[in-house]
Amino acid sequence: MKKIKNFIVCILSLSCVYAQDKKVVLDNGIVRREIDCSENHVSSSSFLLIANKTQFIRTKAAEFAVLIDNVPYSGLSEWANIQHRDTSTFKGGKGVIISFEKPSDKSVTIELIYMLYPDLPLVHKALRIVNSGKKDIKVESVDVESFQIGWNQIESWVMRQYARYKWLGPYTGNWDDPLVVVHDLDNAKGIAIGNEALGVVKRTSVFLDGKSITAGLTHPDQNYGFRKWLRPGEQWTSPWIFTALYDQCPDGSKVINTTVPDFVRKYMGTRIEQLPKKPMFVYNTWFPFYHNINETMIRELAKAAAECGVEEFVIDDGWQINVDLYEGKEQLHGDWDINKKKFPNGLRPVFDYIKSLGMKPGLWVTLATADPSSKVYKEHPEWFVKDKQGNLANLHTEHGLNRTACMGTDWYDFIKQTLLRLVNEHGLAYVKLDLAIVTSAYVYDDERTGCYATNHPYHRDREESYEVIYRRCMQLFDELHVEAPDLFIDCTFETAGKMQLMDYGIAKHAEGNWLSNIQQPGLIGPLRVRNLSWGRTPVLPATSLVIGNLCMNDEYHELGFKSLTGSLPIMLGDPRKLTPAERKRYKSWSDWIKTLEKRHGFMSYRQDIPGFGEPVEGAWDGFCRLNTETSSGGLVGVFRHGAVEELRIVTIPWLNPDKTYEVKQGFEGKTIAILSGKDLTQKGFSVKLIKKYDGELFEIIEKK
């Protein structure tokens, strides 16, 4: 630990050291941030892009803000014993930790953790609070980042809701804001603010006073207000926040096609990027069968799905029963025994059959829901969420007998062992974890959220339960990955807590997120798939978005499959109804995208096509999934959804301008064009779709 004196601290080897008073400098040759530690304060004095010396903030930034026992603190408060130490990550990041104490009694130590990464104009930051005193402390209103920008808010767009939609004026973000971009129209520059907090407790604010940006956790005056209690000697580390700078760019969305996905893919540590082989085609039984499944049906569906090229076969709700059968009900949650009326031989032979067809077997399980008939509920009612009146509660729906378990209890160990039993005894490889744990996507009473119990061992009150339940849920995922490293975890939007909710906090611990239940037949479904996928990518990893419920036997099933290649192809329906020719065609598409993945690794990427916006009725839309590291090429999808024009020019700016590329159409491989990377950017290639509602997939591949 070095005490900051009259010298500058060199953090990255790319920086140089020279004399300057009491400053810590982060500098990777692209971005530079100076933290002024003079006058017993800790405050950013400069945050700029080095090439053009473009400055982004005003001096004397608050740097962070927090309420401790209802007393506000920030970097501009008086601090003692300001010190620093270097830090690094296994992924190549380097940084610094600045620590300081309350000067009066040294009862609180705060650490600010900063990280830089090679070749990125981005600073990654977290805050750690240590209770160094002799009594408990209460932590609230945590802003990990807090600074004032150096341009006029009147001439700025706030790009909100996954940075896809424009807002003018003051803005307070919510659960749908893992990324917000603030774009300066006058000077063609901006800041992307990434918030890695989980679910409904994230908060990013812009221009509430006309000039400030903050990012961190919800405040006490909001729904789902964050709170953390720390006993003496305990410490707590905040979610990470990243800020990415750009300039000389009139398009505020460009940063979500470049810096942001590069950082997320290479350095954030998302689970989907840790898979040596990503899933390419998944089938799920939920629609149209719902609970009405049995062993014979599953075997028939599995055979048909395998003939279509499916790789993961997931049995949804209806396979399970409780230990003590509840008269008149079969779809019960809690004990997770196998319903022997439906599966007389158990699951293992069914799973073995699925594996023999070349697929991985999966199951649907509720993460924290039990029926009162279950043995676990009867034996351990103390493990369940309590409402405001002290009654055991159901957070998922307005009515219903089910009760929600609290992750702030030993339910955690029970559900962990249940899942590991399914892995070890039956060979489970994919688990879809469902239903509300903190708040519901379908209940609008804000008082019916969190756990009001005051005697649960891991949270003290309802406000603390939000953080505890989310955090322990992600900890559970991490521990499952250690003990069952091949298990694919699909954490649904219902578990996340809001409609179609997915964020960085989930993506770092679960490979996928069941994002929706689209069941409209015809043309509406494929459009909604593309709309949801566009609305959350490229900010989030496209392959982590598990978008159901398009049917394999729908009239427009091929258009649906093509639409799903923009995220993770997952289909439902009844593949038994497909003709042999239709199954063969599915297999051709499936084999083709698997070949593209082997050639390009395209599932790690997604970019926008210039001039193609949000998928809507009466327009064209599309996506790119091109490997920007190897520049080998990848997948392009182009769709006409009721547009008047039959032909569009598609330009691709994401490849090497000096290389030559071939554009091939679909699995049949017909060559459409041969162009240099420069011509792909400036001239493009034409796509003609005669039908008003149609789509086509292309491979772009470097020509050797």
>> Which one, PRO232, HIS333, LEU301, projects farthest toward the positive side of the charge dipole computed for region 226-343 from Cβ point charges (K/R +1, D/E -1)?
In response: PRO232
> Taking θ as phi - 60°, what are the ³J(HN,Hα) couplings along region 100-109 by the Karplus curve (6.51, -1.76, 1.60), each to the nearest whole Hz, with x for Gly and Pro?
Replying inline: 7, 10, 5, x, 5, 10, 6, 7, 10, 10
> Once you list every other residue whose beta carbon is under 13 Å from the beta carbon of VAL260, what net charge do they have if Lys and Arg are +1 and Asp and Glu are -1?
Replying inline: +3
> Exactly which chymotrypsin sites (Phe, Trp or Tyr not before Pro) in region 406-444 are in a DSSP loop and have at most 16 other Cβ atoms within 10 Å?
Replying inline: TYR442, TYR444
> Taking a ≥ b ≥ c as the square roots of the eigenvalues of the Cα gyration tensor of region 582-684, is the shape rounded (a/c under 1.5), prolate (a/b larger than b/c) or oblate?
Replying inline: oblate
>> Restricting to Cα pairs below 8 Å that are 6+ residues apart, what does the relative contact order work out to for the chain? Please round to a whole percent.
In response: 8
> Using a simple charge model, +1 on the beta-carbon of Lys and Arg, -1 on the beta-carbon of Asp and Glu, nothing else, what dipole does the chain show about its Cα centre, in debye to the nearest 20?
Replying inline: 1460
> Along the Cα-to-Cβ line of ASN152, 7 Å from the Cα, sits a label point; which residues in region 162-188 have backbone N less than 19 Å from it?
Replying inline: 167-171, 182-188
> With charges only on Cβ, +1 for K and R and -1 for D and E, what is the dipole size of region 481-607 about its Cα centre, in debye, rounded to 20?
Replying inline: 460
>> Nearest 5 percent is fine: what portion of the DSSP beta bridges confined to region 505-642 is antiparallel?
In response: 60
> Lys/Arg Cβ at +1, Asp/Glu Cβ at -1, dipole of the chain taken about the Cα centre: which of GLY269, TYR458, GLY535 is farthest positive-ward?
Replying inline: GLY269
> Taking K and R as +1 and D and E as -1, what net charge do the other residues with C-beta under 11 Å from the C-beta of LEU647 add up to?
Replying inline: +1
>> At 222 nm, what value in deg cm²/dmol follows for the chain if DSSP H runs of at least 4 each add -39500 (n - 2.57) and the sum is divided by all its residues, to the nearest 500?
In response: -5500 deg cm²/dmol
> Along region 164-169, what does the Karplus equation 6.51 cos²θ - 1.76 cosθ + 1.60 (θ = phi - 60°) give for ³J(HN,Hα), rounded to whole Hz, x for Gly and Pro?
Replying inline: 9, 10, 7, 9, 10, x
>> So, taking all protein chains as they sit and a 1.4 Å probe, how much accessible area belongs to ASP694, in Å² rounded to tens?
In response: 40
>> Can you match Cα Rg over 2.2 N^0.38 Å to one of these, (i) 1.34; (ii) 1.07; (iii) 0.99, based on a calculation from the structure here?
In response: (iii)
> Just how much of VAL482 is accessible, in Å², when a 1.4 Å probe is used and the result is rounded to the nearest 10?
Replying inline: 120
> What is the sum of charges around ILE154, taking Lys and Arg as +1, Asp and Glu as -1, for the other residues whose C-beta is under 13 Å from the C-beta of ILE154?
Replying inline: -2
> Can you list the residues, at least 5 places off or on another chain, whose amide H is less than 5 Å from the amide H of ILE321, using H built in the peptide plane?
Replying inline: TRP336, ASP337, ILE338, ASN339
> Excluding same-chain residues fewer than 8 positions from LYS189, which lysines have a Cα within less than 16 Å of its Cα?
Replying inline: LYS53, LYS166, LYS211, LYS254
>> Just to check I understand the Karplus step: with θ = phi - 60° and J = 6.51 cos²θ - 1.76 cosθ + 1.60, what whole-Hz values come out for region 194-209, glycine and proline as x?
In response: x, 10, 8, 5, 8, x, 7, 9, 7, 8, 10, 10, 9, 6, 5, 10
> GLU646 to GLU555: FRET efficiency via 1/(1 + (r/R0)^6), r the Cβ-Cβ distance, R0 22 Å, to the nearest 0.05?
Replying inline: 0.50
>> Leaving ligands and nucleic acids out of the surface, order ASP486, ASP335, ASP86 by accessible area at 1.4 Å, largest first.
In response: ASP486, ASP86, ASP335
> Which one of SER373, ALA429, SER356 is farthest out on the positive end of the charge dipole of region 356-437, using unit charges on Cβ (Lys, Arg +1; Asp, Glu -1) and the Cα centre as origin?
Replying inline: SER356
> How big, in percent, is the set of alpha carbon pairs in region 488-618 lying more than 21 Å apart?
Replying inline: 43
>> Once the cut-off is 23 Å, how many percent of the Cα-Cα pairs in region 364-501 end up in the long-distance tail?
In response: 29
> For region 558-679, with only Lys/Arg (+1) and Asp/Glu (-1) charged at the beta-carbon, what is the dipole magnitude about the Cα centre, in debye rounded to 20?
Replying inline: 620
> Sorted from largest down, what three extents in whole angstroms do the Cα atoms of region 324-404 have along their principal axes?
Replying inline: 52, 25, 22
> Accessible area of LYS60, 1.4 Å probe, to the nearest 10 Å²?
Replying inline: 130
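The values are calculated or read from the model by the stated rules, or taken from the named source; none is laboratory data. Computed from a predicted model, the values in this text were never measured in an experiment. Note that each Cβ is placed from the backbone with ideal geometry, even for glycine, and that neighbours are counted across all protein chains shown. What goes into the accessible areas is simple: the full protein's heavy atoms, side chains included, and nothing from ligands, DNA or RNA. Shrake-Rupley method; radii C 1.70, N 1.55, O 1.52, S 1.80 Å.
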